[in-house]
1. Say whether the condition of being farther than 20 Å from ALA261 by Cα and hydroxyl-bearing (Ser, Thr, Tyr) is met by at least one residue in region 367-380.
2. Does region 489-498 include one or more residues that are within 24 Å of VAL301 (Cα to Cα) and part of a loop (DSSP other than H, G, I, E, B)?
3. Given the condition in the same structural domain as SER139 (by TED's automatic domain parsing), more than 17 Å from ALA138 (Cβ to Cβ), surrounded by fewer than 21 Cβ atoms within 10 Å (Cβ to Cβ) and of a type in the set (S, T, N, Q), answer yes or no: does some residue in region 17-33 qualify?
4. Scan region 500-515 residue by residue and report those that are basic (Lys, Arg) and in a helix (DSSP H, G or I).
5. Among the candidates LEU185, LEU112, LEU102, single out the residue that is in the same structural domain as LYS69 (by TED's automatic domain parsing), under 19 Å from SER679 (Cβ atoms), crowded, with 19+ Cβ neighbours inside 10 Å and touching a residue at least 60 places away in the same chain (Cβ under 8 Å).
6. Taking the options GLU720, GLU692, name whichever one is more than 24 Å from the chain's Cα centre (by Cα), charged (D, E, K, R), farther than 30 Å from GLU551 by Cα and surrounded by fewer than 16 Cβ atoms within 10 Å (Cβ to Cβ).
7. Considering only residues that are surrounded by fewer than 18 Cβ atoms within 10 Å (Cβ to Cβ) and part of a helix (DSSP H, G or I), which ones fall in region 147-182?
Amino acid sequence: MPFYAHSLKDRPETAWHLLADHLRAVGAGAGVSAARFGQGSIAGAAGLLHDTGKYSPEFQARLRGDVTKVDHATWGARVMSEMIRDRAGGLAGRLPGAQAVLYAVAGHHAGLADFEDQGDGDRGSLRERVEKKSLADASAWKDEITPPEPDESWRHLPPPRPGEAPDDRAGFRFAVMTRMVFSCLVDADYADTAAFHAAAEGREDPEAGFEAAPMAVLRGRVDGFIDGLAADAAARAAGQAGAERVVAARAEVLADCRAAASTGQGVFSLSVPTGGGKTLASLAFALAHAEAHGLDRVIIVIPYTSIIEQTAGVIRKALGADLADQVLEHHSAFDTEADLDRRNIPPDAQERWQGRDKLRRAMERWNRPIIVTTAVQFLESLFSDRPARCRKLQAIPRSVVILDEAHMMPRGLLRPTVAMLDELAANYRVTVVLATATQPVLVAPDDTAEVVDEYAQVFGLEGGFRAVREIVSDASALHQRLARVRVQEAGVLDDAGVIARLTTGPRALAVVDTRLHARRLYEELAAAAPEGAFHLSALMTAAHRSRRLDEIRARLAAGDTCRIVSTTVIECGVDIDLPMVLRAAAGFDSIAQAAGRCNREGRLGREGVVEVFTPADPADQPRRLAQALAAAAVARGRMVEDRIDDPLSPEAMRLYFDALFWQALDMLDAENIMALHDSPRRLAIPFATVAERYRIIEDGMLPLIIPTTPEAEACVAALEAADPSALDRFGGAGGAARLLQRHVVTLPPWIRKMLVGASAAHVVGADRYGEQFMVLTNPSLYREDVGLVWEEPAFVAVEGLVV
């Protein structure tokens, strides 16, 4: 009798998806994908075995309408454990490849499990499932499928880094290898299933049809665009000594990037002061480097969701309309591809939520040559246990990864983050670029260095990168050429003092660290000097902030009065230029970012002014800044000893990060993630526990939609409609989420819950999308000048909403 993988409603069984065809297709697809990093045989075996549990009579009955739940994923894992038990000496085994297959096959629906009995209620532990669980008999698989045969690649982990012993980080290397195999399996499984349903329903396969342009073509377009911008900038700067100096420095950065592109793969740093042309120069390096080494894609990782669209838009403009589809931007405010269960989306609604549109599929698997994404999306995916979120991982090998503003890597997760990036560079043909104006010290310490004082131990980061090559030929000299500001201490200032300093001239910016402080200062500024007063914070939607920035740029271009109070949302990727910036006391890296908005084009020579002040009210300095402020104080003391005057210099930044890492030495892996990979059973990895602990945003901020444009209002109305076809014009639920991304503020869950309790917000389409789409329904809580506000005291957090 025939066995089937998938059924079709109201269609005869002869039209159903044959199980043997599905297994062979997934095995082949996963094998081809993993062959790119040397694990094709392992992933191919996982694909061949993943659905063998569907050979049970119970599962076949379920396809025909029986409602009994059947675990089909564990069978294939058990098959593998039995196949290798004798030759490998037990489940834990001496065959890393076989163990990877066990994890991947058992987790291809519910997710990668913990090995021991720490698993959650959904999955249980891998050991429990494979060794103890009673399963429906699916032994008929042997009649149609030839069992996979382990080859030599199964016996070896990816090699350790140069200078390390074979057992160093063995568990960590195995975990990365397993996630990559898992990703290839999930991708091939989803792709083959989607292709079957598309063909059966007579529609285009959403997984097919895209053709990547050659890297040489992309590189050529971007180079031409950059050269055109450089020529225009040179013409505008002509006759202005300061501006000409900035243009020349940017040209040197670009030349260094192009020269370094032909060198070997590895980990690079790109240390360029703000306003030095880092974004486009790093893209020029990445595309030329990818072309030189036959790599598949460039992945640009950005700390803030708010500037993803801006960056992707610039790249699309550079490529031209005919190549705009070569760029994919992947946001995170709506979790459009992962952990649907966390958003309380009903299981029977998840397929409708996921949709069939090509954009959604591209976001799931990253099959574009240029990806622009957030640090949250990129880094959390690398430590994830969930099938949908891990699917994209197979696209990361053979790529260039640019970490824009690399100094913003999560400090409490720094050791595992650096370990992951170094492993990708060592064994998956990934070139990593650490691009920032304030380069942290992330290289492992030199074991031969003489320890001269307590800071010598932090000449490098313990467990850091083994080698990092700087792209800029002389970072210190570049800093001197791009020096455009003087940093001054303004002492302690209350709000009135800040406003007094802000209004000494017609154009200035004040940057503070909490949303509530920014709002309070803005309201005082608007009362004292309303002309040209602006506020920016993440309590304004991205669309709203964009409109405000357009107004600001227009006023600055016209020479009109323009005074801005902002949170740190203005410090990355916002190319405005003011003669004076006030910055609330923070770490040197934050001060440098604020300084990047001052005299950006160099028209004032070196006479831009950055004043650093200490807020008079301690509540305006959130607790999260304590370590940065302490490190800054230590660094200032050492600057006096070393006769360093400029806190923005590379030498001062090194002192700052040395002090920061030294005082936070025990907190650079706050969740002990590296220790979780050091089990005596070196391949016994608690994948689910690792994923739960590696959270960049610990409080799980949730989106609140604020539709302030006709298009956004129409999109929300379509989500409300009972007829799913109402969403067609927006590209389905996935397209709606993408459109509404710019009309969202993110809030702690408890505040969103308060708004719902006060009937100020409600869930749209709860029966179809769970709590994914929460919309503000009380327009009086959203102001045109400052964004979302709460008039009731219960809505105001004690410490303020940060950023």
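1. yes
2. Of the residues in region 489-498, the ones within 24 Å of VAL301 (Cα to Cα) are none.
No, region 489-498 has no match at all.
3. No, region 17-33 has no match at all.
4. Of the residues in region 500-515, the ones basic (Lys, Arg) are 501, 507, 515.
The answer is ARG501, ARG515.
5. Values: LEU185 fails: under 19 Å from SER679 (Cβ atoms); LEU102 fails: touching a residue at least 60 places away in the same chain (Cβ under 8 Å).
Answer to the check: LEU112.
6. Details: GLU692 fails: more than 24 Å from the chain's Cα centre (by Cα).
Every option except GLU720 fails the conditions.
7. Hits for region 147-182 are GLU152, SER153, ARG155.
Rundown of residues vs (1) buried (at least 17 other Cβ atoms within 10 Å of the Cβ); (2) closer than 24 Å to GLN310 by Cα, yes/no style:
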{"residue": "ALA510", "(1), (2)": "yes, yes"}
{"residue": "ARG520", "(1), (2)": "yes, no"}
{"residue": "ALA529", "(1), (2)": "no, no"}
{"residue": "HIS535", "(1), (2)": "yes, yes"}
{"residue": "THR541", "(1), (2)": "yes, yes"}
{"residue": "ARG548", "(1), (2)": "yes, yes"}
{"residue": "ARG553", "(1), (2)": "no, yes"}
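The values are calculated or read from the model by the stated rules, or taken from the named source; none is laboratory data. These figures come from a predicted structure and were not determined experimentally. Cβ sites come from the backbone with ideal geometry, for glycine too, and all protein chains shown count toward neighbours.
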